[in-house]
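Engineer: This is the structure I have questions about; it appears just below.
The values are calculated or read from the model by the stated rules, or taken from the named source; none is laboratory data. Predicted model, so just to flag it, every value in this text is computed and none were measured. Cβ atoms come from the backbone with ideal geometry, glycine included; neighbour counts cover every protein chain shown.
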Amino acid sequence: MSKPLPPVPTLKVSERFSDEIQILPPSSQFDIEEPPDPTKRSKKGWPFRLAFFALATVAFASALDATSLSVALPIIAKELGGTTLESFCAGVSFLLTSILFQPVHTALSDIFGRKQILYCCIVLFGVGSLIIGFSRDMKTLIAGRAVQGVGGGGLEALSEIILTDITTLAERPLYLGILSFVWAAGSAFGPLIGGMFAELVSWRWIAWINLPILIFPVVLVPLFLRLKTIPESLRTKFAKVDWIGIALFIPGLTLFALAITWAGSLYRWTSAGTVVPLVFGILLLIAFGVYEGYSKTPLLPYWLFTVPTRWGALLGAFLHGLVLYTVVFYVPIYFEGSLGLEPISGAITALPLSVGVSISAVATAFAIEYIRRYTWAAWSGWLLSTVGMGLFILYDSHTSVPDRVGLQVVAALGLGILFPGLGIPVQAASDELQAGIAMGTFVFARQLGAVIGVALGSGIFANKFAAEIKNVNLPGPLKGLADGYAAISMIPTLKTLDLPRVEKLVILDVYTDATRTVWITMTVISGIGLLTCFAIRELTLERTETGRQAFEG
């Protein structure tokens, strides 16, 4: 009688999309082991929850500060004796330094460790807040705002990057949705909170309020955010830094961003003040792009743009930031300029936009978590955003209160849906070693869109305003309105003048026409965003790996 054959080794193809084949040891039985069910979530203990709360707190603080100071700039400039140029620099310095250093923070955290870079960013953000709060002149305030932006950009990026490390893709939609809700709430409520502090207490509290908020992450991060360390010497880590890439990227993007931001407002598009930095900035960025193909640890690796789902979502994030920030900036201007509302009243009237964006962001994340699919969110988000921006075109100087509120809802739903609707595809298209860099680039793309959106909106508004106002016979105190770029700063003056009703309505209609041109442009850009959905494919969300710097709590 022949002996029974020994068990046959089982072959299993590696899930890391490679040609590697693993031979598993023979089993005493021929039973096939069931793979772990990715839909079963591991229970998260208090250390994880407190660490996640710390990440949400820093994301909220950064998002809040990005939008809260701009509404108070007229009051700040008056108190500190600021010039037009200084007011401009104070308004854009946070966003500029934020986008400049986000890719740098992302790359450094991959080399030195997420926790270490996060803590540095918390310190920078707090120091910047102190400088702003105690500033006695505009130059000091601008410096504080720039320091705050360096830290704030890192806080926003690292909160989402660390989240990708400490969660699996299978459970990430829920946590990413909560983080998106916090970020959207901070961005949307920033103008209201900034306006209330400036008018009711002191504009300095816009900066000081960050200090008690930062107490939570300062305490919780070292105690509960326990991540796997990178076992390399400090010398090895420094050798990995893409120093040449940083040296090309920061000055290149600085020159480019400054040129497009002040073009038309401080300098004409054809002037040397715009053309020279724009050309040099583009040349440096081209050199940066070429060099990144040779760098061993690039800031923006080429593989980010090799998968259609990933680059489609990254392009969508850029357009999303462009539309979102433009809307958040110009809706209060419409309420103040066209309807004559006070800053706080205008911010309150814009609450449907703020609340709608926040609620739809977290609701979409819960929906994706439940149905385990995400392409519907990208499509519906862009479709609603396009329709919603089209509805904004109906705004005029006679819009009723119900219409002021109701017309915001559709756009708010669409813009909120896009937070998880674009973030989750980036995650699904990246493995656990790519996810951190991919998410950092996603945040950078959204913030870069914000900077360009504010600059684009400013140029469109000012040019349309100047073209319309030249047909109006302006009284002496309002002669400055002939310069379209002075239209926003002169809204308080317009409110204090006792003009004949017909004459005032004519001027208000010019504000309406200028903002309507912005809405038309954003409608077109939202339609372009809809086209990016063709690149986004439905990929599995059922992966259970965590990142290289995973949670050890």
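Engineer: Looking at segment 56-68, is at least one residue under 24 Å from Lys237 (Cβ atoms) and over 20 Å from the mean Cα position of the chain (by Cα)?
Structural biologist: Residues of segment 56-68 that are under 24 Å from Lys237 (Cβ atoms), as a first pass: 58.
Next, only the ones that are over 20 Å from the mean Cα position of the chain (by Cα) stay: none.
There is no residue in segment 56-68 that is under 24 Å from Lys237 (Cβ atoms) and over 20 Å from the mean Cα position of the chain (by Cα).
Engineer: Related question: What number of residues in segment 194-218 are surrounded by 22 or more Cβ atoms within 10 Å (Cβ to Cβ) and aliphatic (A, V, I, L, M)?
Structural biologist: The qualifying residues number 3.
Engineer: Next question. Of (1) loosely packed, with under 15 Cβ neighbours inside 10 Å; (2) more than 30 Å from Glu542 (Cα to Cα); (3) in contact (Cβ under 8 Å) with a residue 12 or more places away in the chain, Leu391 satisfies all except one. Which?
Structural biologist: (1)
Engineer: Something else: Looking at Ser385, Ser380, Ser397, can you tell me which residue is among the small types (Gly, Ala, Ser), surrounded by fewer than 24 Cβ atoms within 10 Å (Cβ to Cβ) and within 18 Å of Ala350 (Cβ to Cβ)? Explain how you work it out, then say what you get.
Structural biologist: Details: Ser385 fails: surrounded by fewer than 24 Cβ atoms within 10 Å (Cβ to Cβ); Ser380 fails: within 18 Å of Ala350 (Cβ to Cβ).
The unique qualifying residue is Ser397.
Engineer: Would you check if there is a residue in segment 118-136 being among the basic types (Lys, Arg) and in a helix (DSSP H, G or I)?
Structural biologist: Step one: list which residues in segment 118-136 are among the basic types (Lys, Arg), which gives 136.
Now restrict to residues that are in a helix (DSSP H, G or I): none.
No; the residues of segment 118-136 include none that is among the basic types (Lys, Arg) and in a helix (DSSP H, G or I).
Engineer: Now a separate question. Give me the residue from segment 163-172 that is crowded, with 23+ Cβ neighbours inside 10 Å and of a type outside the set (D, E, K, R) and, out of that set, farthest from Ala365 (Cα to Cα).
Structural biologist: We begin by selecting, within segment 163-172, every residue crowded, with 23+ Cβ neighbours inside 10 Å; these are 163-164, 166-167, 169, 172.
Filter again for of a type outside the set (D, E, K, R), leaving 163-164, 166-167, 169.
Values: Leu163: 15, Thr164: 15, Ile166: 18, Thr167: 15, Leu169: 13 Å.
Across segment 163-172, the extreme among qualifying residues is Ile166.
Engineer: With respect to Arg516, determine if the residue is part of a helix (DSSP H, G or I), within 30 Å of Ile371 (Cβ to Cβ) and assigned by TED's automatic domain parsing to the domain that holds Leu418. If you could, list the steps in order and put the result at the bottom.
Structural biologist: On the way: part of a helix (DSSP H, G or I): yes; within 30 Å of Ile371 (Cβ to Cβ): no; assigned by TED's automatic domain parsing to the domain that holds Leu418: yes.
The answer is no for Arg516.
Engineer: Moving on to the next point. Among the candidates Tyr334, Tyr294, which residue alone is of a type in the set (Ser, Thr, Tyr) and buried (at least 23 other Cβ atoms within 10 Å of the Cβ)? So that I can check it myself, show each step before the final result.
Structural biologist: Values: Tyr294 fails: buried (at least 23 other Cβ atoms within 10 Å of the Cβ).
Answer to the check: Tyr334.
Engineer: Can I ask one more? With at pLDDT below 90, under 23 Å from the mean Cα position of the chain (by Cα), assigned to a helix (DSSP H, G or I) and not small (Gly, Ala, Ser) as the only criterion, which of Ile452, Ile417, Ile424 stands out? It would help to see each step written out before you state the result.
Structural biologist: On the way: Ile417 fails: at pLDDT below 90; Ile424 fails: at pLDDT below 90.
Within the list Ile452, Ile417, Ile424, the selection yields Ile452.
Engineer: Evaluate segment 105-114: report whether one residue or more is surrounded by fewer than 19 Cβ atoms within 10 Å (Cβ to Cβ) and either in contact with a strand residue (DSSP E or B) (Cβ under 9 Å, 6 or more places away or on another chain) or under 22 Å from Leu64 (Cβ atoms) (or both). Full working, then the answer.
Structural biologist: Keep residues of segment 105-114 that are surrounded by fewer than 19 Cβ atoms within 10 Å (Cβ to Cβ), which gives 111-113.
From what's left, either in contact with a strand residue (DSSP E or B) (Cβ under 9 Å, 6 or more places away or on another chain) or under 22 Å from Leu64 (Cβ atoms) (or both): 113.
Scanning segment 105-114, I find at least one residue that is surrounded by fewer than 19 Cβ atoms within 10 Å (Cβ to Cβ) and either in contact with a strand residue (DSSP E or B) (Cβ under 9 Å, 6 or more places away or on another chain) or under 22 Å from Leu64 (Cβ atoms) (or both), so the answer is yes.
Engineer: Counting only residues that are over 15 Å from the mean Cα position of the chain (by Cα) and surrounded by 24 or more Cβ atoms within 10 Å (Cβ to Cβ), which one in segment 143-162 is nearest to Phe53 (Cα to Cα)?
Structural biologist: Keep residues of segment 143-162 that are over 15 Å from the mean Cα position of the chain (by Cα), which gives 143-148, 162.
Adding the requirement that they be surrounded by 24 or more Cβ atoms within 10 Å (Cβ to Cβ) leaves 145, 148, 162.
Numbers: Arg145: 25, Gln148: 21, Ile162: 12 Å.
Of everything passing the filter in segment 143-162, Ile162 is nearest to Phe53 (Cα to Cα).
Engineer: If Thr229 passes every condition in (1) assigned to a helix (DSSP H, G or I); (2) touching a residue at least 40 places away in the same chain (Cβ under 8 Å) but one, which one does it miss?
Structural biologist: For Thr229, the failing item is (1).
Engineer: Here is a follow-up. Output yes when any residue across segment 346-359 is part of a helix (DSSP H, G or I), within 30 Å of Pro298 (Cα to Cα) and of a type in the set (A, V, I, L, M), and no when none is.
Structural biologist: no
Engineer: Another question, if that's okay. Quick one: in segment 313-342, which of the residues that are more than 17 Å from the chain's Cα centre (by Cα) and among the small types (Gly, Ala, Ser) is modelled with the highest pLDDT?
Structural biologist: Ser338
Engineer: What is the one condition in (1) surrounded by fewer than 19 Cβ atoms within 10 Å (Cβ to Cβ); (2) not in a helix (DSSP H, G or I) that Leu505 does not satisfy?
Structural biologist: Unmet condition: (2).
Engineer: Restricting to segment 268-303, and then to whatever is under 20 Å from Phe442 (Cβ atoms), out of contact with any Pro (no Cβ under 9 Å at 6 or more places or on another chain) and not in a helix (DSSP H, G or I), can you tell me which residue is modelled with the lowest pLDDT?
Structural biologist: Start the filter on segment 268-303 by keeping residues that are under 20 Å from Phe442 (Cβ atoms), which leaves 285, 288-289, 292, 297-303.
Among the residues that remain, those that are also out of contact with any Pro (no Cβ under 9 Å at 6 or more places or on another chain) are: 285, 288-289, 297-298, 301-303.
From the residues that got through so far, the ones that are not in a helix (DSSP H, G or I) too are 297-298, 301.
On the way: Thr297: 85, Pro298: 88, Pro301: 88.
Filtering first and then ranking leaves Thr297.
Engineer: Could you please let me know if Leu339 is assigned to a helix (DSSP H, G or I), hydrophobic (A, V, I, L, M, F, W, C) and outside the structural domain of Met196 (by TED's automatic domain parsing)? Before you say what the answer is, go through the steps one by one.
Structural biologist: Numbers: assigned to a helix (DSSP H, G or I): no; hydrophobic (A, V, I, L, M, F, W, C): yes; outside the structural domain of Met196 (by TED's automatic domain parsing): yes.
No: the conditions fail for Leu339.
Engineer: Considering each of Leu474, Leu494 in turn, give the residue that is among the aliphatic types (A, V, I, L, M), in a loop (DSSP other than H, G, I, E, B) and touching a helix residue (DSSP H, G or I) at 6+ places or on another chain (Cβ under 7 Å). Working first, answer last.
Structural biologist: Details: Leu494 fails: in a loop (DSSP other than H, G, I, E, B).
Going through Leu474, Leu494 in turn, just one is among the aliphatic types (A, V, I, L, M), in a loop (DSSP other than H, G, I, E, B) and touching a helix residue (DSSP H, G or I) at 6+ places or on another chain (Cβ under 7 Å): Leu474.
Engineer: Moving on. Looking at Gly484, Gly459, Gly527, Gly423, can you tell me which residue is surrounded by 24 or more Cβ atoms within 10 Å (Cβ to Cβ) and in contact (Cβ under 8 Å) with a residue 60 or more places away in the chain?
Structural biologist: Working: Gly484 fails: in contact (Cβ under 8 Å) with a residue 60 or more places away in the chain; Gly459 fails: surrounded by 24 or more Cβ atoms within 10 Å (Cβ to Cβ); Gly527 fails: surrounded by 24 or more Cβ atoms within 10 Å (Cβ to Cβ).
Of Gly484, Gly459, Gly527, Gly423, the one residue that is surrounded by 24 or more Cβ atoms within 10 Å (Cβ to Cβ) and in contact (Cβ under 8 Å) with a residue 60 or more places away in the chain is Gly423.
Engineer: Any idea which of Ser358, Ser345 is modelled with pLDDT of 85 or more and of a type in the set (S, T, N, Q)? Talk me through it step by step, then tell me what you get.
Structural biologist: Details: Ser345 fails: modelled with pLDDT of 85 or more.
Sole residue among the options that is modelled with pLDDT of 85 or more and of a type in the set (S, T, N, Q): Ser358.
Engineer: Then there's this: If we only count helices (runs of 4 or more DSSP H) wholly inside segment 1-113, which ones have 2 or more residues that are over 30 Å from Gly459 (Cβ atoms) and modelled with pLDDT of 50 or more? Give the derivation first.
Structural biologist: On the way: elements: 46-68, 73-80, 84-112.
Answer list for segment 1-113: 46-68, 84-112.
Engineer: May I pose another question? Within segment 173-193, take every residue that is touching a Pro at 6+ places or on another chain (Cβ under 6 Å) and within 29 Å of Thr349 (Cβ to Cβ) and give me the one that is surrounded by the fewest Cβ atoms within 10 Å (Cβ to Cβ).
Structural biologist: First pass over segment 173-193, keeping only residues touching a Pro at 6+ places or on another chain (Cβ under 6 Å): 176-177, 180, 191.
Within this subset, residues satisfying the condition of being within 29 Å of Thr349 (Cβ to Cβ) are 177, 180, 191.
Numbers: Gly177: 23, Ser180: 28, Pro191: 25.
Checked segment 173-193; the qualifying residue surrounded by the fewest Cβ atoms within 10 Å (Cβ to Cβ) is Gly177.
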